[in-house]
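The values are calculated or read from the model by the stated rules, or taken from the named source; none is laboratory data. All figures in this text were calculated on a predicted structure; none of them were measured in a lab. FYI the Cβ positions are ideal-geometry reconstructions off the backbone, even for glycines, and counts take in every protein chain you see. Heads up: the accessible areas ignore ligands, DNA and RNA and are worked out on the full protein's heavy atoms, side chains in. Shrake-Rupley method; radii C 1.70, N 1.55, O 1.52, S 1.80 Å.
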Amino acid sequence: MPDVLDRAADRATALTIRPVLPHERMQIHFEHPLSDAGFAALCQENDTLHIEQNPDGSLLIISSTGGLSGARNTRIMRYLDEWAEKDGTGIAFDSSTMFRLPNGAHRMPDAAWVQRERYLALTEDERAGFVPLAPDFVIELRSPTDPLHALKHKMNEYVRAGVRLGWLIDPQTETVTTYTPDDPPEALDRPDRVAAQDVVEGFTLPMKRIWDPLGTA
C-alpha cells in the first residue's frame with residue numbers, strides 16, 4: 001500500500017502501511033495522534049479499508065468482511081432499516097458510517113440507530129461527515145477472526161460514551177449479549193429472536209436468519 005500523508009495536520013506525518021491480509025487486524029500507534037482532519041484524509045485515501053481510531057489516537061485497521069459475515073450483516077441491516085422506516089422516530093445507519101464518539105474514538109458499528117431529533121440537531125456538515133455523537137443503539141457482529149475480548153471492550157466503550165443499548169452478536173456461540181448503562185451485560189443463549197424493550201422498542205431481530213443467512217438449516 002502506498003505511503004499515507006496527513007495533509008491536514010500542522011506537521012507532516014508519514015506512515016507506510018503494509019497490505020492487510022484477509023481477516024487480519026492491525027493496530028498502529030503514533031507519538032502524536034492524527035487530528036480529526038488528518039484521520040478523515042487518511043480514511044478518504046484508503047477507502048477500501050475499515051479504519052477506526054481508538055481514544056488514545058492509535059489506529060485499528062481491519063481487513064474486508066468475509067462472505068458469511070457480509071451476508072449476516074446485510075440481513076441485520078435490512079431488519080433494522082425496515083423497522084426504523086415504519087417506526088419513524090430515528091434513523092438507521094449501516095457499517096460504513098463513522099461516528100466520532102465523545103471520548104475521541106472514531107467507530108464504525110456494524111449497524112446503528114440514532115433518534116431523529118438528535119441527528120437533525122447537527123449541522124449540515126456534521127450530518128454529511130463523521131457523525132459527532134454516540135448512537136442510541138448499536139449492533140456489533142463477531143466475524144470468524146474477531147477476538148471476543150476486543151469486541152467486549154468495544155461494547156463497554158460504546159456504553160461509557162453514551163450508547164443506550166448495544167447488542168453483540170456472536171454466530172460462533174449463537175449468543176447475543178446486551179449492553180446497557182445501568183445493568184451488567186446479559187448473554188442470551190441461542191435465542192430464537194431478540195426484542196428490544198426500550199431505546200428501539202418494538203424492534204425484533206429473528207436470529208435463525210442470522211445464524212444461517214444462506215437458509216441451509
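A few points about this structure:
- Which numbered condition residue 206 misses (of (1) within 22 Å of residue 108 (Cα to Cα); (2) open to solvent by 20 Å² or more (accessible area, probe 1.4 Å); (3) in contact (Cβ under 8 Å) with a residue 40 or more places away in the chain): (1)
- Taking the criterion of being out of contact with any strand residue (DSSP E or B) (no Cβ under 7 Å at 6 or more places or on another chain) and of a type in the set (A, V, I, L, M, F, W, C), the only residue of the range 76-104 that qualifies is 83.
- Residue in the range 121-138 that is within 16 Å of the chain's Cα centre (by Cα) and basic (Lys, Arg) present: no
- Where a residue in the range 173-196 is over 22 Å from residue 144 (Cα atoms) and its partner, wherever it lies, is among the hydrophobic types (A, V, I, L, M, F, W, C) and assigned to a strand (DSSP E or B), with Cβ under 6 Å and at least six apart: 180/165
- In the range 139-146, the count of residues that are touching a residue at least 12 places away in the same chain (Cβ under 8 Å) and closer than 19 Å to residue 55 by Cα is one or more.
- If you go through the range 118-137 and keep only what is of a type outside the set (A, V, I, L, M) and either under 14 Å from residue 98 (Cβ atoms) or free of Cβ contacts under 8 Å to residues at least 40 places away in the same chain (or both), you end up with 118, 119, 123, 124, 125, 126, 127, 129, 130, 132, 135.
- Criterion violated by residue 134 - all others in (1) modelled with pLDDT of 95 or more; (2) in a loop (DSSP other than H, G, I, E, B); (3) open to solvent by 20 Å² or more (accessible area, probe 1.4 Å) satisfied: (3)
- Filter result for residue 87 (in contact (Cβ under 8 Å) with a residue 12 or more places away in the chain, over 20 Å from residue 158 (Cβ atoms) and not aliphatic (A, V, I, L, M)): yes
- Which numbered condition residue 123 fails, given (1) at pLDDT 95 or above; (2) surrounded by 18 or more Cβ atoms within 10 Å (Cβ to Cβ): (2)
- Looking across the range 153-192, just one residue is surrounded by 18 or more Cβ atoms within 10 Å (Cβ to Cβ), part of a strand (DSSP E or B) and of a type in the set (Gly, Ala, Ser), and that is 166.
- Flag for residue 212 being open to solvent by less than 60 Å² (accessible area, probe 1.4 Å), free of Cβ contacts under 8 Å to residues at least 12 places away in the same chain and either in contact with a helix residue (DSSP H, G or I) (Cβ under 6 Å, 6 or more places away or on another chain) or not polar (S, T, N, Q) (or both): yes
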